[in-house]
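What follows is a short report on a single structure.
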Amino acid sequence: MNLSKQNNPVVVLIVFLFLSTNIIVAQNSKDLEGWSAVQLDVRASEKMSFSISEHLRYRNDITTVSTYFTQVETVYEVAKDFELGVGIRFIKKNDDVGKKQGIESHFRYQLDASFKHDINRIGLSYRLRYQNKNELGFSEDEGDIAKEQLRLLFGVDYKLLPVNIVFKIKGEFFNTFDNKTIGNKINRQRFTLSASRKFKGFGKIALFYRVQDDLHVEVKKTKITVSKAILGFKYTYSLDFRKTE
């Protein structure tokens, strides 16, 4: 089905606003990071799916390993287009700042509620995520306090049929818990533009460009915004056991 003419200006306007905002933000970026991931998706049934992925991230203009981690997720479709998910992440973080340096081990879990729907070839998606992260090997008395966050994501995607490429724009906003109370300020925001394509018998390749702002960061008693740009690559291979008799 062809996209109606009425929708084309909407797509153009969204892309224009996204690129304009990111060009302005990118001019203030302090760092360029590189994120890469390899993922295996397993569709177990009509409603249940699983995934496992390996991630590697670089910072300092993609010259220094920042983190690498393994993530395992499961998603269950509660109703049409509405899903609940659970994920865990085992993280190795390269701490190369300060007197105490080395590889730190962290653990994170997340709870997701996601909804999506389509309007012709335009897809709209929404996700609310709660996540909890702490460093392993230390107790709360030793200074290890879990970092809790609520994250709200909005996404718009459009499939360009002649080349079968899906373009997606996402905006995500973070709210960090403070003393077990949800704060009233957004302290991190991300904006992402990505393109992905599926290849029969091979899998899906995605490339993305992302800008991340950490807001209200206190430096020498002054609150500033710390920005960075991120270039990313992700390869996904899928197995579908619904087709197995």
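The values are calculated or read from the model by the stated rules, or taken from the named source; none is laboratory data. Predicted model, so just to flag it, every value in this text is computed and none were measured. Because the Cβ atoms are built from the backbone with ideal geometry, glycine has one as well, and the counts that use them run over all protein chains shown.
Okay, here's what the table says:
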| quantity | calculated |
| --- | --- |
| Criterion: modelled with pLDDT of 95 or more, surrounded by 18 or more Cβ atoms within 10 Å (Cβ to Cβ) and among the hydrophobic types (A, V, I, L, M, F, W, C) - qualifying residue of PHE69, PHE50, PHE18, PHE90 | PHE69 |
| Segment 116-127 residues that are more than 11 Å from ILE169 (Cα to Cα) and at pLDDT 90 or above, paired with ones that are among the charged types (D, E, K, R) and in a strand (DSSP E or B) (beta carbon under 7 Å, 6 or more apart) | ARG127/ASP112 |
| Some residue of segment 136-156 being under 21 Å from ALA229 (Cβ atoms), of a type in the set (Asp, Glu) and in contact with a strand residue (DSSP E or B) (Cβ under 6 Å, 6 or more places away or on another chain) | no |
| Conditions (1) among the aromatic types (Phe, Trp, Tyr); (2) surrounded by 15 or more Cβ atoms within 10 Å (Cβ to Cβ); (3) without any contact (Cβ under 8 Å) to a residue 12 or more places away in the chain: number failed by TYR209 | (3) |
| Flag for GLY155 being in contact with a Phe, Trp or Tyr (Cβ under 7 Å, 6 or more places away or on another chain), among the small types (Gly, Ala, Ser) and modelled with pLDDT of 95 or more | no |
| Selection count where residues are surrounded by fewer than 17 Cβ atoms within 10 Å (Cβ to Cβ) and either in contact with a Ser or Thr (Cβ under 6 Å, 6 or more places away or on another chain) or in contact (Cβ under 8 Å) with a residue 12 or more places away in the chain (or both), scope segment 212-228 | 5 |
| Count of segment 58-80 residues which are closer than 13 Å to ASP31 by Cα and either part of a strand (DSSP E or B) or charged (D, E, K, R) (or both) | 5 |
| Tally, over segment 72-87, of residues that are at pLDDT 95 or above, touching a Phe, Trp or Tyr at 6+ places or on another chain (Cβ under 8 Å) and surrounded by fewer than 17 Cβ atoms within 10 Å (Cβ to Cβ) | 5 |
| Residue check for SER45: touching a Phe, Trp or Tyr at 6+ places or on another chain (Cβ under 8 Å) and modelled with pLDDT under 95 | yes |
| Criterion: within 15 Å of the chain's Cα centre (by Cα), in contact (Cβ under 8 Å) with a residue 12 or more places away in the chain and over 22 Å from SER194 (Cβ atoms) - qualifying residue of VAL42, VAL65, VAL72 | VAL72 |
| SER114 among the polar types (S, T, N, Q), surrounded by 14 or more Cβ atoms within 10 Å (Cβ to Cβ) and farther than 26 Å from THR64 by Cβ | yes |
